[in-house]
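Below is one structure; the comments refer to it alone.
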Amino acid sequence: MQITPTAIPDVKLIEPKVFGDARGFFFESYNLRLFASAGLDVEFVQDNHSRSHRGVLRGLHYQIEHAQGKLVRAIAGAVFDVAVDLRRGSQTFGEHVAIELSADNKKMLWIPPGFAHGFIVVSEAADFVYKTTDYWYPEHERTLLWSDPALHIRWPLASAPIVTPRDAAGSPLAAAETYP
């Protein structure tokens, strides 16, 4: 497993070592010792799984209290995945990391607490799974406006994405609740 810092060093790209043969493949999707050796001392408490169709955009979500770190990946199909730094004290506040995660490339992304997260499905459908470091608290959940021009996210859009009313009404960065 290779763990590499991204343009925002606290966000890590994780590329597992895949062992494949005529039967299929095998890889470790998480290993506590390897994470710890990369400085990622995390404890996961919840696993989540969503299925979405092409053009569905989920996010950009975060919890203002009980901030969640997330280990994310696509296990079927492909998504364009985005993490936005909402830590006001960070040199990368308001910046984002974007990467395609797919069942084919098997890449994962570690998104630490203090980030908003979202994705858009770029295949016919995608199954997306992620581990979290804290539980879901709906009363603390917030949505950063996915289309805020201040974020400079170049979403791969062929047409208007499919979003929930809550995601369509997200807060722009200038008005969003953020972390210290």
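With n ≥ 4 as the cut-off for DSSP H runs, can you work out [θ] at 222 nm for the chain, using -39500 (n - 2.57) per run divided by the number of residues, rounded to the nearest 500?
-1000 deg cm²/dmol
Just to be sure I understand: if I project the alpha-carbon convex hull of the chain onto a plane and average over all orientations, what area do I get in nm²?
10.5 nm²
For the chain, give the magnitude of the charge dipole about the Cα centre (Cβ charges: +1 Lys/Arg, -1 Asp/Glu; no others), in debye to the nearest 20.
300 debye
A short reminder: the numbers here are calculations on the coordinates, not readings from a lab. Note that the structure is a prediction, hence the values are computed from the model and not measured. So basically every Cβ, Gly included, is an ideal-geometry build from the backbone, and we count neighbours across all protein chains shown.
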